[in-house]
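Step one of this worksheet: look at the structure below.
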């Protein structure tokens, strides 16, 4: 049986089909959670913001138009929700590198690799929120640069510029 | 050549893409990171609750719009049915009824007299019959004459009233006082005193200062 597209599932949910929403949720619960986690770093804050993002998606179901790709629409809502959270926080609050969950290093990975990852995580935490945002979207969403620009509310060149700056800073950390 | 393609051929662009891949591959992977079960349940419950709420609200919303539309239609129809200007050029119903009543009274009175006469003539004995028989035609003649006079006066009064009404319909104005007085005198001569009283009152209202002939002064 051919799987229904994201847009069809969302439309069905808007028409009252709960099973369609469950299906859609199973598809995107992981990627959306990881996107929010990369942005905020803290698991507790991530749970709240993740749940809040889904609440907004659910409330907006009647306004959703099938012509708009669901993935971009969903990430746009989550992006706006998290950015509102950052605006409410104090400017000096920073992402703590230790709070970012990472894969447990296996026995074959050395101490150097672990410290490299920690340094990289710390460097990511020091990035401004908008650069961290485009990086997280690039990693987790699988969206192209044009769509990432639309999700973050900027033009393609601005999105590319943010990504370029983020990459430059992280590359410097890798070299050290 | 497409400007975007030209950019990707640029050495800086190629370097950037290489660096991006390097950084992305070095980034700590978060494959193990998934939302807790409690959060999953909370989201699904929220989705279910929102569906139920909206389905409950739908009939009420429809009802409100329907009720508003019904009230508007009713109000408009009531307003349109109002007729601010009554039709002009017709005799007031009371006047027409008055004429008919007078006519009917006279006819009944003459009719009763006829009946009485015929009854009395039947009841009487034969010896008295010739005298009564002789008197009956005379009475009948006088009755007929009175009838015709009444009819004439009534019809002339009716005609005069019709004229007045027609004038009023044409001109939509109160008749001239002289003309009106003539009508009133005609009513007086015809013996239609009730009608005369009503019209006289109307005349006095329209022309309070106009002098009246002695016959109409009371």
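The values are calculated or read from the model by the stated rules, or taken from the named source; none is laboratory data. Model, not experiment: these values are computed from the prediction. Using ideal geometry, Cβ is built from the backbone for each residue, glycine included, and neighbour counts are taken over all protein chains shown.
The residue that is nearest to residue A:123 (Cα to Cα), counting only those in segment A:7-21 that are facing another protein chain (nearest Cβ under 9 Å) and crowded, with 17+ Cβ neighbours inside 10 Å, is A:21. Of the helices (runs of 4 or more DSSP H) contained entirely in segment A:129-175, those carrying at least 2 residues that are more than 22 Å from residue A:70 (Cβ to Cβ) and modelled with pLDDT under 90 fall at A:156-175. Just one of the numbered conditions (1) under 17 Å from residue B:39 (Cα atoms); (2) surrounded by fewer than 17 Cβ atoms within 10 Å (Cβ to Cβ) is not true of residue A:37: (2).
Is it the case, given these coordinates, that residue A:4 is outside any helix (DSSP H, G or I) and either over 30 Å from residue A:88 (Cα atoms) or within 11 Å of another protein chain (Cβ to nearest Cβ) (or both)? For residue A:4, the condition - outside any helix (DSSP H, G or I) and either over 30 Å from residue A:88 (Cα atoms) or within 11 Å of another protein chain (Cβ to nearest Cβ) (or both) - is met. Are any of the residues in segment A:50-62 buried (at least 18 other Cβ atoms within 10 Å of the Cβ) and more than 10 Å from chain B (Cβ to nearest Cβ)? Within segment A:50-62, none of the residues are buried (at least 18 other Cβ atoms within 10 Å of the Cβ) and more than 10 Å from chain B (Cβ to nearest Cβ).
Filtering segment A:116-138 to residues that are over 13 Å from residue B:27 (Cα atoms), within 14 Å of the chain's Cα centre (by Cα) and surrounded by fewer than 23 Cβ atoms within 10 Å (Cβ to Cβ) leaves A:129, A:130, A:131.
Quick check: is even one residue across segment B:38-55 farther than 30 Å from residue A:42 by Cβ and modelled with pLDDT under 75? Checked against the condition, which is being farther than 30 Å from residue A:42 by Cβ and modelled with pLDDT under 75, segment B:38-55 yields at least one hit.
I'd like the full set of residues that are part of a helix (DSSP H, G or I) and at the interface with another protein chain (Cβ under 7 Å from one of its Cβ atoms), limited to segment B:31-53.
Here is the first cut: in segment B:31-53, the ones part of a helix (DSSP H, G or I) are B:37-53.
B:39, B:40, B:42, B:43, B:44, B:46, B:47, B:48, B:50, B:51, listed by residue number.
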